[in-house]
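The values are calculated or read from the model by the stated rules, or taken from the named source; none is laboratory data. The shown structure was predicted, so the numbers you read here are calculated from the model rather than taken from an experiment. Here the Cβ positions follow ideal geometry from the backbone for every residue, glycine too, while neighbour counts run over all protein chains shown. Accessible surface areas use protein heavy atoms only, side chains included; no ligands, DNA or RNA. Shrake-Rupley method; radii C 1.70, N 1.55, O 1.52, S 1.80 Å.
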Amino acid sequence: MTPVAIVTGASSGIGAATARRLAAEGFHVLAAARRAERLADLVAEITAAGGQATAVTCDITSDESVAGLAEAAAQAPGPVTLLVNNAGGARGLDPVESGSVADWQWMYDVNVLGTLRVTQALLPALEASGSGTIVVVSSTAGLTVYEGGGGYTAAKHAQTAIAGTLRLELCGRPLRVIEIDPGMVKTDEFGLVRFEGDAERAAAVYAGVPGPLVAEDVADCIAWCATRPEHVNIDRLVVRPRAQAAQHKVHRV
């Protein structure tokens, strides 16, 4: 039977690229996100390319909506062997002393509690497959901090903690936990969401950077980790563009 992969945040960016790549790898992809129209376009694209995919409208900040995703997984045409917790995001670049509590709450709900909700809901199906893989797409912001990034780095540090804790708790069961930590990735929406639609400010983040990562680069890493032999667990994969030596050290031309 065709193995099933679930990808959250699949309507754009890394999620959409991952859905395409996993379909090309032979998975039936359940593409989950809030924007139904974008998901329909993505599924049509994957199907036209010879892959298999199903759109599942899902808001990972809603318990009811995530329960619906689990129901869709139960109706999938094969065993659920892969979950990619990709949905997330950042809002604002304010210092801690003036940061918006609402922005911090949104980032925690989407990045941390969203990962928790979806993982809890899909764990039974992943374990029942006999060889399940959970991928947590965190960030290098989950490994270090930077000025103005307090809310986002706090959320990503928490997401990283979930991945590490899960790996300990699931040891001995047919499940593996993989953490992917991208650095600077240029996508269509991440910066726009962070800066409330300010395209100029979003573009400035990547100004002069030769070859930032793109969504397909991260999708390639996810696919490689997820398709290793089942006894091989890539605990953590940190991936940055060559121009970014560290969170604070970026070459610009």
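Give me the net charge of Gly68's neighbourhood, meaning all other residues with Cβ under 14 Å from the Cβ of Gly68; Lys, Arg count +1, Asp, Glu -1.
Numbers: positive: Arg34, Arg117; negative: Asp59, Asp63, Glu64, Glu71.
Residues near Gly68 contribute -2 overall.
Going by amide H atoms built from the backbone, whose H comes under 5 Å of the H on Leu30, apart from near neighbours?
The answer is Ala5, Ile6, Val7, Thr54.
Where Rh is the Kirkwood radius over the Cα pairs of the range 4-250, the temperature 25 °C and the viscosity 0.890 mPa s, what D in µm²/s does Stokes-Einstein return?
Values: Rh = 18.1 Å.
The Stokes-Einstein estimate is 136 µm²/s.
Tell me, what is the percent relative contact order of the range 122-228, built from C-alpha pairs under 8 Å that lie six or more residues apart? Don't jump to the answer; show the numbers that get you there.
Details: 112 pairs, mean separation 29.7, N = 107.
Here the relative contact order equals 28 percent.
Give me the percent relative contact order of the range 1-114, please, defined on Cα pairs under 8 angstrom at least 6 residues apart.
Numbers: 198 pairs, mean separation 33.3, N = 114.
For the range 1-114, the relative contact order is 29 percent.
At 222 nm, what helix-only mean residue ellipticity would the chain give, in deg cm²/dmol to the nearest 500, using -39500 (n - 2.57) for each DSSP H run of four or more?
On the way: 9 runs with 102 residues, N = 253.
Result for the chain: -12500 deg cm²/dmol, rounded to the nearest 500.
Relative contact order for the chain: what percent, with Cα pairs under 8 Å and sequence separation of 6 or more?
Details: 512 pairs, mean separation 48.3, N = 253.
Relative contact order here is 19 percent.
Counting DSSP beta bridges with both partners in the chain, what percentage is antiparallel, nearest 5? Can you show the working numbers first?
Details: 2 of 32 bridges.
So the antiparallel bridges in the chain amount to around 5 percent.
Can you give the local net charge around Gln159? Use residues other than it whose beta-carbon is closer than 14 angstrom to its beta-carbon, Lys and Arg +1, Asp and Glu -1. If you can, show how the numbers build up before the last one.
On the way: positive: Arg117, Lys156, Arg167, Arg236; negative: Asp109, Glu179, Asp181.
Net charge in that neighbourhood comes out at +1.
Multiply the residue separation of Asp220 and Ala245 by 0.36 nm, subtract the distance between their alpha-carbon atoms, and state the gained length in nm to one decimal.
Working: separation 25, 0.36 × 25 = 9.00 nm, distance 2.05 nm.
Net length gain for the segment: 7.0 nm.
With a 1.4 Å probe and all protein chains left in place, how much accessible area per residue does the chain have, in Å²?
Working: 11740 Å² over 253 residues.
I get 46 Å² per residue for the chain.
Could you give the distance between the Cα centres of the range 84-119 and the range 8-30, to the whole Å?
22 Å
Of all the C-alpha pairs in the range 112-169, what % are more than 14 Å from each other? Display every interim value, and only then the final one.
Numbers: 958 of 1653 pairs.
Tail of P(r) above 14 Å: 58 percent of Cα pairs.
When the chain is treated as a GNM, springs tying every alpha-carbon pair under 10 Å, which of Asn85, Asn111, Asn233 comes out with the largest mean-square fluctuation?
Result: Asn233 has the largest fluctuation of those listed.
In the chain, carbon and sulfur make up what percent of the accessible area (probe 1.4 Å)? Don't jump to the answer; show the numbers that get you there.
On the way: 6210 of 11740 Å².
Carbon and sulfur atoms account for 53 percent of the accessible area of the chain.
Pop out the ³J(HN,Hα) list for the range 54-67 in order, Karplus 6.51 cos²θ - 1.76 cosθ + 1.60 with θ = phi - 60°, rounded to Hz; leave Gly and Pro as x.
9, 8, 10, 5, 8, 9, 6, 8, 10, 4, 5, 5, 5, 4
Kindly provide the trypsin sites (Lys or Arg not before Pro) of the range 1-73 that DSSP labels as loop, not H, G, I, E or B, and whose Cβ sees at most 14 other Cβ atoms within 10 Å. Could you put the intermediate results ahead of the total?
Values: sites: Arg20, Arg21, Arg34, Arg35, Arg38; in loops: Arg34, Arg35.
Passing sites in the range 1-73 are Arg35.
What FRET efficiency do you get for Glu200 and Val253 if R0 is 25 Å and r is their Cβ-Cβ distance, rounded to the nearest 0.05?
Details: r = 19 Å, r/R0 = 0.78.
That gives a FRET efficiency of 0.80.
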